[in-house]
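A.B. asks: Structure below; questions to follow.
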């Protein structure tokens with residue numbers, strides 16, 4: 001039979017009390033921080049997973065911000081498109097009107113020419129629409145406008161650049177949120193001295209034909225002019241459709257991101273946060289164990305043969 | 001046939017033995033809580049015809065009675081050795097676990113303030129610049145994040161060095177303790193040798209010897225070898241620390257610590273052979289010790305190990321710093337800044353201690369554009385690509401995650417090893433105190449036994465006395 005000495009009892013109960021106390025302490029720490037992982041050694045593999053998830057959540061949030069920025073840009077260009085198309089269609093109606101009046105008085109042709117001139121000015125203004133200080137049809141230019149009108153020659157020339165503006169809206173998902181001005185409005189001039197071959201030159205041509213001035217002296221409106229303006233309207237509308245498709249894609253991506261973010265956040269919480277109910281039970285159990293260890297140590301060590309010797 | 005008074009002398013030895021037994025009980029009870037005390041027992045023997053035992057209460061040969069042969073020290077040498085081994089391991093695992101916690105504290109993850117979040121912010125700031133390449137605010141956010149990443153790496157590296165420095169200081173203190181214990185052990189050896197030579201009871205000296213050995217073995221991998229007379233020689237690794245026969249007239253060897261090289265050597269041991277004792281033990285070689293047990297081994301590992309110590313984690317952190325600097329600088333070189341110039345290096349330094357944002361690097365130097373060569377533009381494609389580099393293979397983020405995983409795993413294992421070892425040590429301590437500790441209940445029983453033996457012997461004397469009274473005073477009167 002093994003001897004049981006005071007020292008042996010001391011070591012046994014001390015070890016028991018210390019382990020019960022240390023368990024209680026670690027559970028209390030988890031409870032008070034609300035985290036099951038308070039340091040990497042609590043759960044090394046889940047710590048790494050938590051770090052990855054945090055990165056994913058942050059990145060997703062950034063993608064949502066990028067999408068928001070892209071949507072802002074595209075909303076701005078969309079409303080510019082809508083107005084430009086409606087103006088261009090109005091110009092077409094005026095061309096039809098001009099063709100129909102044919103030999104009618106110069107006064108009405110001048111009135112139509114004036115109206116076409118103001119449409120040209122309006123389209124110029126619309127094509128310089130900016131988002132966040134950047135002209136949406138100006139590509140990556142640092143200029144504040146995409147097109148400029150030369151005050152002496154009256155030519156409208158391009159000061160932006162024909163480059164793509166890209167946004168990262170997801171892992172491996174980069175979208176181009178602009179359409180290049182040369183595709184939308186036709187080949188531009190980049191100098192004040194020469195006219196381009198774009199919608200602005202087309203409108204100048206129509207105006208000249210109605211007035212019988214400039215390049216159209218003795219060359220009144222013909223069916224070709226109507227075809228030209230039709231083609232221009234069609235091209236602008238098709239680019240608006242391209243923009244609309246991108247818009248829908250980004251909106252869908254953004255919706256998917258908020259779902260993903262929810263899933264990621266919930267997984268992160270599963271990994272690193274404490275299940276309060278379960279934890280509360282564990283803490284009170286550990287507390288009872290610790291108290292029991294204290295109680296038994298206190299009562300056992302009081303007893304000795306000395307108590308019974310008279 | 002006994003002589004007239006032989007019975008009284010015989011009963012007198014019983015009185016003496018019982019009285020000595022009570023003294024031993026008293027000694028045990030007095031020292032019930034003395035650290036290192038080993039319980040003793042009075043060893044009695046029937047003295048029928050026994051003579052020549054060098055003890056106080058020996059009876060004359062042939063008279064009978066009881067004699068006290070010796071006072072034995074009731075320890076279990078196997079358990080003593082085992083306890084020392086386990087304490088050495090316990091000290092090593094406990095110290096390792098504590099040091100690993102300190103290293104782990106340098107990496108406060110997962111949290112909203114750790115390097116992971118700062119790296120996330122850094123890459124997201126690149127994305128912010130991609131959205132608005134000419135915005136000074138977006139560029140400021142990026143530069144703020146870059147500065148934060150660099151300074152966090154600097155401070156982490158500094159904290160690791162602090163852990164290393166404090167481990168070095170602790171090793172120094174441990175070695176001072178070992179030296180003082182070695183010197184004490186040498187003195188105790190001397191007292192034991194003298195005491196045994198003079199035929200004295202050296203039990204308390206043996207207790208002191210064992211306490212010193214316990215302390216030594218929890219600090220370094222001290223291996224005792226006991227001599228016939230109770231003196232002890234101690235080696236650390238293969239080097240002699242306390243060599244009794246070797247050092248007659250000398251002293252113990254000493255450990256000497258070179259903190260710059262983190263190396264420990266044994267010094268001393270000038271041969272002072274006193275004839276006729278021959279010098280048989282070689283002096284210490286002076287080559288650096290690699291501790292294999294005790295707290296010193298834990299300090300040494302953390303200080304020097306490139307597989308588990310501070311140098312290892314410092315190396316991993318340097319890789320993180322190098323990755324962030326190299327990735328960012330390469331990305332910068334692929335683009336053009338807001339002045340239309342080719343991107344310049346954003347970070348200098350390739351270690352965690354030295355990494356910093358390049359002096360003179362301003363917001364406009366961030367190379368956001370891929371196309372603006374010579375003519376600044378609003379292109380953000382280079383920033384857009386850079387923002388995705390955090391998820392690339394071998395990125396700083398992934399290296400850092402691995403580092404956190406590695407340190408977490410190491411710290412967890414150290415804690416588990418320490419818990420397991422503590423349970424083993426506690427069990428062995430329990431067995432050891434069960435064998436050599438004082439049980440007050442047992443001493444109380446012994447007390448009663450000796451008390452009754454004393455009373456009974458007195459009774460015998462009283463009876464003999466009344467018999468003699470009858471013979472002397474009442475016979476033939």
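Just so you know, all these numbers are worked out from the coordinates, no wet-lab data involved. Predicted, not measured: the structure shown is a model, and the values here were computed from it. All Cβ positions, glycine included, derive from the backbone under ideal geometry; neighbour counts span all protein chains shown.
A.B. asks: Which value, in Å to one decimal place, does the Kirkwood hydrodynamic radius take for the stretch A:151-234 when every pair of different Cα atoms is included?
C.D. replies: It is 14.9 Å.
A.B. asks: Take the alpha carbon atoms of the stretch A:183-262, find their center, do the same for the stretch B:375-423, and report the distance between the two centers in whole angstrom.
C.D. replies: Between the Cα centres of the stretch A:183-262 and the stretch B:375-423 lies a distance of 50 Å.
A.B. asks: Defining a contact as two alpha carbons under 8 Å apart and six or more residues distant in sequence, what relative contact order in percent does chain A show?
C.D. replies: Working: 374 pairs, mean separation 80.4, N = 310.
In percent, rounded to a whole number, it is 26.
A.B. asks: Counting pairs of alpha carbon atoms under 8 Å apart in space and at least six apart in sequence, what relative contact order in percent does the stretch A:131-176 give?
C.D. replies: RCO, the stretch A:131-176: 30 percent.
A.B. asks: I've got another one for you. Just to be sure I understand the model, the point goes 7 Å from the Cα along the line to the Cβ. What's the resulting residue B:465 to residue B:326 distance in nm?
C.D. replies: Going from the residue B:465 label point to the residue B:326 one covers 10.0 nm.
A.B. asks: Counting pairs of alpha carbon atoms under 8 Å apart in space and at least six apart in sequence, what relative contact order in percent does chain B give? Let's see the in-between values first.
C.D. replies: Working: 805 pairs, mean separation 104.0, N = 477.
Relative CO of chain B lands at 22 percent.
A.B. asks: What residue among A:97, A:83, A:125 shows peak mean-square fluctuation when chain A is described by a Gaussian network model with Cα springs under 10 Å?
C.D. replies: Greatest mean-square fluctuation among the candidates belongs to A:97.
A.B. asks: In a GNM of chain A with a 10 Å cut-off on Cα contacts, which of A:199, A:84, A:300 has the highest mean-square fluctuation?
C.D. replies: A:300
A.B. asks: Just to be sure I understand the model, the point goes 7 Å from the Cα along the line to the Cβ. What's the resulting residue B:259 to residue A:28 distance in nm?
C.D. replies: With each label placed 7 Å out from Cα toward Cβ, I get 3.6 nm.
A.B. asks: What FRET efficiency, computed as 1/(1 + (r/R0)^6) with R0 = 35 Å and r the Cβ-Cβ distance, is obtained for residue B:200 and residue B:456, rounded to the nearest 0.05? Can you show the working numbers first?
C.D. replies: On the way: r = 31 Å, r/R0 = 0.90.
In this case the efficiency is close to 0.65.
A.B. asks: Sticking with this one: Can you pull the mean other chain C-beta count within 10 Å for peptide B:108-118?
C.D. replies: Values: counts 3, 8, 16, 7, 1, 0, 2, 1, 6, 4, 0.
That average works out to 4.
A.B. asks: Can you pull the one-decimal nm distance between simple spin-label points at residue B:267 and residue A:144, each 7 Å off the Cα toward Cβ?
C.D. replies: Distance between label points: 7.9 nm.
A.B. asks: Related question: Using the Cα atoms of the stretch B:101-227 to build a convex hull, what is its mean projected area in square nanometres?
C.D. replies: Working: hull surface 44.0 nm².
Mean shadow area of the hull around the Cα atoms is 11.0 nm².
A.B. asks: Could you tell me the calculated FRET efficiency between residue B:225 and residue B:8, based on Cβ-Cβ distance and R0 = 51 angstrom, to the nearest 0.05?
C.D. replies: For residue B:225 and residue B:8, the calculated efficiency is 0.55.
A.B. asks: Shifting gears a bit: Go ahead and set up a Gaussian network model of chain A, Cα springs under 10 Å, then flag whichever of A:194, A:263, A:20 fluctuates most.
C.D. replies: Comparing A:194, A:263, A:20 in the GNM, the peak value goes to A:20.
A.B. asks: Compute the Kirkwood hydrodynamic radius of the stretch B:172-214, taking the inverse of the mean of 1/r over all pairs of distinct Cα atoms, and give it in Å to one decimal.
C.D. replies: Working: mean 1/r = 0.0919 Å⁻¹.
Averaging 1/r across every pair of different Cα atoms and inverting gives 10.9 Å.
A.B. asks: Right, here's the next one. In whole Å, what are the extents of the protein assembly as shown along the principal axes defined by its C-alpha atoms, from largest to smallest?
C.D. replies: That gives 188, 60, 27 Å along the principal axes, largest extent first.
A.B. asks: What's the average, rounded to a whole number, of partner chain beta-carbon atoms within 10 Å of each residue's beta-carbon in B:33-40?
C.D. replies: Numbers: counts 3, 0, 1, 0, 1, 0, 3, 0.
Mean partner-chain Cβ count within 10 Å for B:33-40: 1.
A.B. asks: Find, to one decimal place in angstroms, the Kirkwood hydrodynamic radius of the stretch A:1-152, where the mean of 1/r is taken over every pair of different Cα atoms and then inverted. Walk me through the numbers on the way to the answer.
C.D. replies: Details: mean 1/r = 0.0425 Å⁻¹.
Evaluated over the stretch A:1-152, this radius sits at 23.5 Å.
A.B. asks: Over all alpha-carbon pairs of the stretch A:71-145, lay out the pair-distance distribution in 5 Å bins, whole %, shortest bin first.
C.D. replies: Histogram of Cα-Cα distances, whole percents per bin: 3, 16, 20, 17, 13, 10, 9, 6, 4, 1.
A.B. asks: Would you mind giving the mean number of other chain beta-carbons within 10 Å of the Cβ of each residue in A:143-154, as a whole number?
C.D. replies: On the way: counts 2, 0, 0, 0, 0, 0, 0, 0, 0, 0, 0, 0.
Rounded to a whole number, the mean comes out at 0.
A.B. asks: What would the Debye formula give as log10 I(q)/I(0) at q = 0.11 Å⁻¹ for the alpha-carbon point model of chain A, no solvent?
C.D. replies: At q = 0.11 Å⁻¹ the computed log10 ratios are -0.81.
A.B. asks: Report Rg(Cα)/(2.2 N^0.38 Å) for the stretch B:384-444, keeping two decimals. Walk me through the numbers before you get to the answer.
C.D. replies: Values: Rg = 25.4 Å, N = 61, 2.2 N^0.38 = 10.5 Å.
Ratio of Cα Rg to 2.2 N^0.38 Å: 2.42.
A.B. asks: Report the gain in length on full extension from residue B:81 to residue B:348: 0.36 nm times residue separation, minus Cα-Cα distance, nm rounded to one decimal. Intermediate values should be presented prior to the final figure.
C.D. replies: Details: separation 267, 0.36 × 267 = 96.12 nm, distance 5.62 nm.
That works out to 90.5 nm of additional length.
A.B. asks: Compute the distribution of all C-alpha to C-alpha distances in chain B, in bins of 20 Å from 0, and list the percent of pairs in each, rounded to whole numbers.
C.D. replies: Bins of 20 Å from zero give 19, 30, 23, 16, 8, 4, 1, 0 percent of pairs.
A.B. asks: Ignoring solvent entirely, what values of log10 I(q)/I(0) come out of the Debye formula for the stretch B:99-169 at 0.13, 0.17, 0.18, 0.19 Å⁻¹ when each Cα is a single scatterer?
C.D. replies: After summing over all Cα pairs, the log10 values are -0.48, -0.67, -0.72, -0.76.
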